[in-house]
Protein chains: 2
Amino acid sequence: MINLEEIKKMYKLGRNLTLLDVQKLLQAARMKSFPTGTFLISEGAVKKEIFFIRKGLVRAFAINDKGDEITTLLRKENQIIASSDIILFDQPAQFYYQTLEPTQTFQIDYELLQSIIAENPKLEANRKFIFQNILKETLKRIDSFVLLSPEERYIHFVRSNPDLVNRVPNKYIANILGITPVSLSRIRKRIASKKK
Amino acid sequence: MINLEEIKKMYKLGRNLTLLDVQKLLQAARMKSFPTGTFLISEGAVKKEIFFIRKGLVRAFAINDKGDEITTLLRKENQIIASSDIILFDQPAQFYYQTLEPTQTFQIDYELLQSIIAENPKLEANRKFIFQNILKETLKRIDSFVLLSPEERYIHFVRSNPDLVNRVPNKYIANILGITPVSLSRIRKRIASKKK
DNA sequence: TTCACTAATTATCTTTTGTTAATCTCTACA
DNA sequence: TGTAGAGATTAACAAAAGATAATTAGTGAA
């Protein structure tokens, strides 16, 4: 069940979340468990839904012209995942969102979330906070593409996500870095030989 | 002076901005003109300020280990520019923000803007809208790095920013795409020869 | 334990990019 | 009119990445 420790983790989502706020949100949310490999959202989906990942790991991926899956995003426990296409662009999802581990989520309908926030000004500040954090992340990621080489980008990724490196196949990490798995393998070898 | 036509352009910033809202903002903002080459914000700056670009063009750039300027962002008239480091990360600016054309801005202190928005719930929706649009842009840009080759990325950039292509030196565009100016020149040649 | 399957590495070759420097173009201005 | 300076292109070479395929390693299920 949900314990206090866990609720504290949810606090991290915002700065001034009270127990009451969390309760209110949890009432509206449904808890759900998914085995590895489940699609939370598929291409073409339109249902506005937001997932708080209580436990587990989810990847977003697109399929390119050649039919290859390209992973664009990884999200783990205590993070939020949703289709930016559906929520921000008001269009059907262009990505798949798939669990990479047994995953537990609280999921909540986006419009319902909106109305809860509207009735509860305190939560509004929270939404702002969450949005800002997502924006921070994405801005940093853009800088890493513009300012760093693939090799530097990988080193940077490992430093920033030491846990993910051991939970996720390298081929997904390669995608995230904008390179091929073969190239990442060579980069890893290069780094290893430099260390000696 | 400021005319109705121009105010309508500011409307684009939000969905439900009224004349009164715009007036309120304009009262708090200072209009200022800068010649080409002016630094609106320099590395190390801490002043929380937001610029609405009324006319002109601004680039953000960092300086890498080798001492090269790397342009990471371009913003033009009717767009907003601010230091994400100062506003989002609460740290001194790590980039320079420099005008590339004679530029007119409305600039407003960020904390003052915050308080105006706090007193004016309608504006809050607007801020949300602006934030979402910036997030949209950055997410799309990340996708272009992950899913497209440099050549495809350039084609994509030209299609999305036909006006900028003729206003900005190619070397800045190359930076934005994460490649060198030399490489961009080759890509352009390659594309031109394909067209025949 | 073995088999099947997937991921990772390695090899080979092609293509592209980075780097550095030279050349060409264009424009502002003395 | 001529000249300095910046940007763009080109050249030449080295380094890295992409593509494809073969091999190796690792894992889970029968």
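Read-outs: derived from the displayed coordinates by stated rules, not from any lab. Please read all numbers here as calculations on a predicted model, not as lab measurements. Reconstructed Cβ throughout: ideal geometry from the backbone, glycine too, with neighbour counts over all protein chains shown.
Amide H contacts under 5 Å for B:K55: B:N78, B:Q104, restricted to partners 5 or more places along the chain or on a different chain, H placed in the peptide plane at 1.01 Å from N.
Could you pull the copy-to-copy label distances for A:R159, with points set 7 Å along Cα to Cβ, in nm to one decimal and sorted shortest first? For A:R159, the inter-copy label distances come out at 3.6 nm. Contact order for chain A, expressed relative to its length and based on alpha carbon pairs under 8 Å spaced 6+ residues apart, stands at 24 percent. The range B:112-158 and the range A:20-74 have their alpha-carbon centroids 22 Å apart. Would you mind checking the pairs A:K24/B:K140; A:K76/B:K48; A:K171/B:K76; B:K48/B:K136; A:K24/B:K24; B:K32/B:K189 and listing those with alpha carbons more than 31 angstrom apart? From the list (A:K24/B:K140; A:K76/B:K48; A:K171/B:K76; B:K48/B:K136; A:K24/B:K24; B:K32/B:K189), the Cα-Cα distance tops 31 Å for A:K24/B:K140; A:K76/B:K48; A:K171/B:K76; A:K24/B:K24; B:K32/B:K189. In summary, the convex hull built on the alpha carbon positions of the range B:118-196 has an orientation-averaged projected area of 6.9 nm².
Each residue of the range A:54-61 was assigned a 3J(HN,Hα) from its phi angle through the Karplus expression (A = 6.51, B = -1.76, C = 1.60, θ = phi - 60°), giving 7, 7, x, 8, 9, 10, 10, 9 Hz with x at Gly and Pro.
Label point of A:Q114 (7 Å along Cα→beta-carbon): distances to the other copies' equivalent points are 2.7 nm, sorted ascending. Taken one residue at a time, the phi angles of the range A:83-94 give Karplus couplings (6.51, -1.76, 1.60, θ = phi - 60°) of 7, 5, 4, 5, 6, 8, 9, 6, 9, x, 4, 9 Hz. Gly and Pro are set to x. In straight-distance terms, cross-link reach from A:K122 covers every one of the aspartates and glutamates whose alpha-carbon lies under 16 Å from its own, apart from those fewer than eight places away in the same chain; here that gives A:D21, B:E119, B:E124. Karplus-based coupling profile of the range A:99-112, in residue order and whole Hz: 6, 9, 9, x, 10, 10, 10, 9, 10, 9, 5, 4, 5, 5, with θ = phi - 60° in 6.51 cos²θ - 1.76 cosθ + 1.60 and x standing for Gly or Pro. Remark: mean inter-chain Cβ contacts per residue of B:131-138 equal 5, using a 10 Å Cβ-Cβ cutoff to other protein chain atoms. Using just its DSSP H runs of length 4 or more, each adding -39500 (n - 2.57), chain A gives a mean residue ellipticity at 222 nm of -15000 deg cm²/dmol after division by all residues.
Each other copy places its own label point for B:K55 at 6.2 nm from this one, sorted shortest first, where the point lies 7 Å along the Cα-to-beta carbon line.
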